Amino acid sequence: MDEDCKDKAVFFDIDDTLLDTSSFAELARHAAINNIVENGLPIEEEEAYDIFKEIIKEKGSNYGKHFNVLTKRVIGAEDPYLIALGMTTYHNVKFSLLEPFPRTIAILIYLKQKGYTIGAITNGLTIKQWEKLIRLNLHPFFDIVLTSEEVGYEKPHTKIFEEALKRMNCSADKSIMVGNKFDTDIIGAINAGMKGILVNSELTFEEEEMIEKENLDVTVLNNISDVDTVL
Ligand SMILES: [Mg+2]
């Protein structure tokens, strides 16, 4: 469904911008590995964790069968009990911890009150990314959620930003992208004609030089809770 852009829009990245995805995932992985080692995976916990990290690196974080591969690598065959135990622990821990960064909801309310249309532009699987917004109760604020899976292009490709602008009927020069990755969120947005706000990340010296040399419209904030100081 097409949404009407009022006259200005803010697009957010999801992972490590609205919520601390990386640290929740790491805690959940540790808990899962701990539980399956305690319940019979015949290997030291630390070693199991290293193998597990290797598997994630090989298969990508959205691969659905990390625990199958782990049991197969350690004991030579898949162990359904340990696989289910690992998956359940991982999901329970992750979703019990999951919360947005402080003041995220206050910022979204602030932006709505200021007349901004709000969208999400995210690299990842569509259902998984929606699930995060729904579990955090952030979904009512978003007019659109656009994923790389849906568009067929990942940030920083301009196509994903252009598609988001098109769907919200927004113009690039009145739109701002908020994200934690300079290379993908910010450069992609700038190349599509938008402004960028970098959060939860520090610029490298080279990036600072690039911004100055090319006169890029980039603001750097500590985190999402400071967005109301610039918009
Ligand atoms: Mg991110």
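The values are calculated or read from the model by the stated rules, or taken from the named source; none is laboratory data. Just so it is clear, the model here is predicted, and its values are computed rather than measured. As a convention, Cβ positions derive from the backbone with ideal geometry for all residues, glycine included, and neighbour counts pool all protein chains shown.
Observations
- Any hit, the stretch 19-32, residues being more than 30 Å from Ile176 (Cα to Cα), without any contact (Cβ under 8 Å) to a residue 24 or more places away in the chain and among the small types (Gly, Ala, Ser): no
- Each residue in the stretch 104-132 was checked for being assigned to a strand (DSSP E or B), over 12 Å from the mean Cα position of the chain (by Cα) and within 16 Å of the ligand (Cβ to nearest atom), and 1 of them qualify.
- Residue that is in the same structural domain as Leu165 (by TED's automatic domain parsing), crowded, with 19+ Cβ neighbours inside 10 Å and among the polar types (S, T, N, Q), where the choices are Thr122, Thr126: Thr122
- Taken over the stretch 122-145, the residue count meeting the criterion of being in contact with a Lys or Arg (Cβ under 7 Å, 6 or more places away or on another chain) and under 20 Å from Lys166 (Cβ atoms) is 2.
- When the test is whether a residue is among the charged types (D, E, K, R) and without any contact (Cβ under 8 Å) to a residue 12 or more places away in the chain, Lys57 passes it.
- Every condition in (1) at pLDDT 95 or above; (2) assigned to a loop (DSSP other than H, G, I, E, B); (3) at negative phi; (4) loosely packed, with under 14 Cβ neighbours inside 10 Å is met by Asn62 except one, and the failing one is (1).
- Hits in the stretch 173-189 (condition: within 16 Å of the ligand (Cβ to nearest atom) and outside any strand (DSSP E or B)): Asn180, Lys181, Phe182, Asp183, Thr184, Asp185, Ile186, Ile187, Gly188, Ala189
- Residues of the stretch 74-86 include none that is within 25 Å of the chain's Cα centre (by Cα), more than 21 Å from Glu131 (Cα to Cα) and surrounded by fewer than 19 Cβ atoms within 10 Å (Cβ to Cβ).
- Residues of the stretch 70-103 classified as of a type outside the set (A, V, I, L, M, F, W, C) and within 16 Å of the ligand (Cβ to nearest atom), total: 1
- Just one of the listed residues (Gly152, Gly193) is assigned by TED's automatic domain parsing to the domain that holds Phe12 and under 19 Å from Trp130 (Cα atoms), and it is Gly152.
- Selection count, the stretch 87-102, where residues are of a type outside the set (Phe, Trp, Tyr), more than 16 Å from Ile14 (Cβ to Cβ) and crowded, with 16+ Cβ neighbours inside 10 Å: 3
- Checklist (1) farther than 21 Å from Thr229 by Cα; (2) touching a helix residue (DSSP H, G or I) at 6+ places or on another chain (Cβ under 7 Å); (3) more than 16 Å from the ligand (Cβ to nearest atom); (4) free of Cβ contacts under 8 Å to residues at least 40 places away in the same chain applied to Arg135, failing item: (4)
- Test: Phe141 is crowded, with 18+ Cβ neighbours inside 10 Å and within 16 Å of the ligand (Cβ to nearest atom): no
- Cβ pairs under 8 Å, 6+ apart, first in the stretch 34-49 and of a type in the set (D, E, K, R), second modelled with pLDDT of 95 or more: Glu44/Val37; Glu45/Ile33; Glu45/Asn34; Glu45/Val37
- Some residue of the stretch 152-171 being closer than 18 Å to Glu214 by Cβ, away from the ligand (no atom under 15 Å from the Cβ), part of a helix (DSSP H, G or I) and among the hydroxyl-bearing types (Ser, Thr, Tyr): yes
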